[in-house]
Amino acid sequence: MQKTSKALFGLATAFVMSSALPNLAKADELTLCWAAWDPANALVELSKDFTAKTGTQMKFEFVPWTSYADRFLNELNSHGKLCDLIIGDSQWIGGSAENGHYVKLNDFFDKEGIKMDDFVPATVVGYSEWPKNTPNYWALPAMGDVVGWTYRKDWFEKPELQKEFKEKYGHDLAAPKTYDELKQIAEFFQKREIDGKTVYGASIYTERGSEGITMGVTNVLYDWGFQYENPKKPYDMEGFVNSDDAVKGLEFYKSLYDCCTPPGSSNVYMVESADAFKSGQVAMQMNFAFTWPGLYKDEKVGGDRIGFFPNPAEKVHFAQLGGQGISVVSYSDKRDAALQYIKWFAQPDVQAKWWELGGFSCLNSVVNAPSFAKSQPYAQAFLDSMAIVKDFWADPSYASLLQAMQKRVHNYVVAGNGTSKEALDGLVKDWSDVFKDDGKI
């Protein structure tokens, strides 16, 4: 990531806490567990400052996303001592709180003057709270993330394509603000020849094995009016998960998959979508914001060739939340020292450097700085996206809920089995069975 503007650094240094971090609990070494991805590399670099200030060496256990959940949930469930600190996925918070895996942080936050009001509200709800919307905190917001889009700005700006598109659709070829516009653009580019190469409209999430197609489908369903439950009656899902609007939203997702994706797109998630974009295969790609710094730096498709936009709107306007909070593992023998890492990480100057290095800060003083929106080409799209986030179930049974949705929507969208209504009706049944087993309905 390129250097953050001087104005942002100026703001950060105005809020610097004591760099000496007095009265630290000492530990020779702490182990932090997370996924193996670009932000983790940035955290390694950032954490050198913690070691310099405290003398505590940082060890990192990073595993690929494909095995991240299995590896670390097994570690937590077995009460293992590998991880002193863990950056756990947002959906883990309910189970980790109720099963005693994470240290509750309220007293520590109060003692150290760490205020959750200082963080982007959606990230506090998404990464820290259990039960949701209560002041019970099990993590510090660590890595803001959200599903958004990138597009081939250089293709969109070709005069001959702009002329043809406007003649056909009656409006300019530009980053779409609605799903109708997005699909028009995808259809326009599908199987078009650009620079001697056949290209395609869009790359979207379809992966079946972990969480991919759910993250993509919910990104669209939310905007058609899908809700997880009756707002007035928890776990009452009939007519909300499978509402008429939700059915139309899922039909749209399948139509986008059928009309406008590249060949071989039946198992696409983060890596595959980014690869489709980097290889010059697609005009647009759905992906989490964490991919944006690397794509912007890409020699073939980055720089002036790439643009960024938040999830389009339909009946309402939401985007699927990603990202994680950082927690202290309750089974660690170094809990006090791990808490001091949390204290250090929460400092505004550290958070400003986190953004500079390639992490996505959730601290208001960083993201609301006047210079933030222009500090990176994708900063404004990130801000706009984080303002509309919504998340999947964070219930302790989220894994069963996720597996059911993966199966139902993949069978419909990719395999072409049944109807959208049948898929969502089946999902209501599956989720109801899970909650019945849990004694919640």
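The values are calculated or read from the model by the stated rules, or taken from the named source; none is laboratory data. Remember, it's a predicted structure, so these values are computed and weren't measured experimentally. Using ideal geometry, Cβ is built from the backbone for each residue, glycine included, and neighbour counts are taken over all protein chains shown. Side chains are part of the model used for accessible areas, which takes the heavy atoms of the whole protein and leaves out ligands, DNA and RNA. Shrake-Rupley method; radii C 1.70, N 1.55, O 1.52, S 1.80 Å.
Report D for the chain in µm² per second (integer): Stokes-Einstein, Kirkwood Rh on Cα pairs, 4 °C, 1.567 mPa s.
On the way: Rh = 22.6 Å.
So the translational diffusion coefficient is about 57 µm²/s.
Placing +1 on the Cβ of each Lys and Arg and -1 on the Cβ of each Asp and Glu in segment 220-307, which of 262, 226, 289 has its Cα farthest towards the positive end of the resulting dipole?
With unit charges placed on the Cβ atoms, the residue in question is 289.
So which residue, out of 351, 324, 340, gets the largest mean-square fluctuation from a GNM of the chain using Cα contacts under 10 Å as springs?
Of 351, 324, 340, the Gaussian network model singles out 340 as fluctuating most.
Aspartates and glutamates within cross-link reach of residue 59: Cα-Cα under 18 Å, excluding same-chain residues under 8 positions apart?
Qualifying aspartates and glutamates at Cα under 18 Å: 28, 29, 38, 45, 49, 75, 84, 333, 336.
Is there a pair in 158/353; 111/132; 183/390; 407/440; 53/374; 315/440 whose C-alpha atoms are over 27 Å apart, and which pairs would that be? If you can, show how the numbers build up before the last one.
Details: 158/353 37 Å; 111/132 23 Å; 183/390 23 Å; 407/440 23 Å; 53/374 31 Å; 315/440 31 Å.
Going by Cα-Cα distance, 158/353; 53/374; 315/440 fall outside the 27 Å limit.
For segment 70-110, take the alpha-carbon Rg, divide it by the Kirkwood Rh, and send me Rg/Rh. Before the final figure, lay out the partial values.
Values: Rg = 10.6 Å, Rh = 11.0 Å.
Ratio value, two decimals: 0.96.
Go through 223, 117 and list them by solvent-accessible area, largest first, probe radius 1.4 Å. Spell out each step's value before the answer.
Values: 223 0, 117 135 Å².
So the residues, ranked largest to smallest area, are 117, 223.
What 222 nm value per residue comes from the helices of the chain, counting each DSSP H run with n ≥ 4 as -39,500 (n - 2.57) and dividing by all residues, nearest 500 deg cm²/dmol?
Details: 19 runs with 197 residues, N = 441.
Calculated at 222 nm, the ellipticity per residue is -13500 deg cm²/dmol.
For residue 323, enumerate residues with amide H under 5 Å from its amide H, sequence gap 5+ or separate chain, H modeled in the peptide plane.
Here the answer is 145, since their amide H atoms fall under 5 Å of that of residue 323.
To the nearest 20 debye, what is the magnitude of the charge dipole of segment 258-399 about its Cα centre, counting +1 on the Cβ of each Lys and Arg and -1 on the Cβ of each Asp and Glu?
Working: 11 positive and 14 negative charges, 57 e Å.
Roughly 280 debye, rounded to the nearest 20.
Give a quick list of trypsin sites (Lys or Arg not before Pro) in segment 396-441 that DSSP marks as loop, anything other than H, G, I, E or B, with at most 16 other Cβ atoms within 10 Å. Don't skip to the end; give the middle numbers.
Numbers: sites: 407, 408, 421, 429, 436, 440; in loops: 440.
Passing sites in segment 396-441 are 440.
Go through 396, 274, 54 and say which Cα lies farthest out towards the positive end of the charge dipole of the chain; charges sit on Cβ, +1 for Lys and Arg, -1 for Asp and Glu.
Ranked along the dipole, the leading option is 54.
Are there GluC sites (Glu not before Pro) in segment 115-200 that DSSP marks as loop and that have at most 14 other Cβ atoms within 10 Å, and which are they?
Numbers: sites: 129, 157, 160, 164, 167, 181, 187, 193; in loops: 157.
Passing both the DSSP loop test and the Cβ count: 157.
Between rounded, prolate and oblate, where does segment 173-231 land on the alpha carbon gyration tensor, with a ≥ b ≥ c its root eigenvalues, rounded for a/c under 1.5, else prolate if a/b exceeds b/c? Provide the component values of the computation, followed by the final result.
Working: a/c = 4.63, a/b = 1.73, b/c = 2.67.
Here segment 173-231 falls in the oblate category.
Determine the sum of side-chain charges near residue 70: Lys and Arg each +1, Asp and Glu each -1, restricted to other residues whose C-beta is under 15 angstrom from that of residue 70.
Working: positive: 71; negative: 61, 75, 89, 211.
Result for the neighbourhood of residue 70: -3.
Report the FRET efficiency, 1/(1 + (r/R0)^6), for residue 195 and residue 421, where r is their Cβ-Cβ distance and R0 is 45 Å, rounded to 0.05.
Details: r = 42 Å, r/R0 = 0.94.
Given R0 = 45 Å and the Cβ-Cβ separation, E is 0.60.
How many percent of the alpha carbon pairs in segment 69-160 exceed a separation of 14 Å?
Values: 2929 of 4186 pairs.
Tail of P(r) above 14 Å: 70 percent of Cα pairs.
Classify segment 306-441 from the C-alpha gyration tensor, please: rounded if a/c falls under 1.5, else prolate or oblate depending on whether a/b exceeds b/c. It would help to have the intermediate numbers written out before the result.
On the way: a/c = 3.10, a/b = 1.41, b/c = 2.20.
Cα axes put segment 306-441 in the oblate bin.
What's the extension gain from residue 44 to residue 112 if we count 0.36 nm per residue and subtract their Cα-Cα distance? The partial results should precede the final answer.
Details: separation 68, 0.36 × 68 = 24.48 nm, distance 2.42 nm.
So the chain would gain 22.1 nm between residue 44 and residue 112.
Determine the order of 171, 79, 101 by accessible area, beginning with the largest, at a probe radius of 1.4 Å.
On the way: 171 50, 79 105, 101 10 Å².
Sorted descending by solvent-accessible area, the residues read 79, 171, 101.
Charges only on Cβ, +1 for Lys and Arg, -1 for Asp and Glu: so what's the dipole of segment 143-190 about the Cα centre, in debye to the nearest 20?
Numbers: 8 positive and 10 negative charges, 6 e Å.
Its charge dipole is roughly 20 debye.
Can you give the local net charge around residue 313? Use residues other than it whose beta-carbon is closer than 9 angstrom to its beta-carbon, Lys and Arg +1, Asp and Glu -1.
On the way: positive: 177, 315; negative: 223, 314.
Taking every other residue near residue 313 into account, the sum is 0.
Identify which of 283, 186, 174 has the largest mean-square fluctuation in a Gaussian network model of the chain, with springs joining Cα atoms closer than 10 Å.
Result: 174 has the largest fluctuation of those listed.
Residue by residue through segment 193-209, what is 3J(HN,Hα) from phi via Karplus (6.51 cos²θ - 1.76 cosθ + 1.60, θ = phi - 60°)? Round to whole Hz and write x for glycine and proline.
So the Karplus estimates, Gly and Pro as x, are 9, 10, 6, x, 10, 6, 10, 10, x, 7, 9, 10, 6, 9, 4, 9, x Hz.
Sort segment 399-441 into rounded, prolate or oblate with this rule: let a ≥ b ≥ c be the square roots of the eigenvalues of the Cα gyration tensor; rounded if a/c is under 1.5, and if a/c is not under 1.5, prolate when a/b is larger than b/c, oblate otherwise.
Details: a/c = 4.71, a/b = 2.07, b/c = 2.28.
Because a/c hits 1.5 or more and a/b fails to exceed b/c, segment 399-441 counts as oblate.
At a 4.7 angstrom Cβ threshold, list every cysteine in the chain that has nobody to pair with, or say none.
Cysteines lacking a close Cβ partner in the chain: 362.
How much FRET efficiency would the formula 1/(1 + (r/R0)^6) give for residue 429 and residue 158, where r is the Cβ-Cβ distance and R0 is 51 Å, rounded to 0.05?
E(calc), rounded to 0.05, equals 0.55.
Step by step: find N for segment 296-371, compute 2.2 N^0.38 Å, then divide the Cα radius of gyration by it. What's the final number? Present the calculation step by step, with values, prior to reporting the outcome.
Numbers: Rg = 17.5 Å, N = 76, 2.2 N^0.38 = 11.4 Å.
Rg over 2.2 N^0.38 Å, computed on Cα atoms: 1.54.
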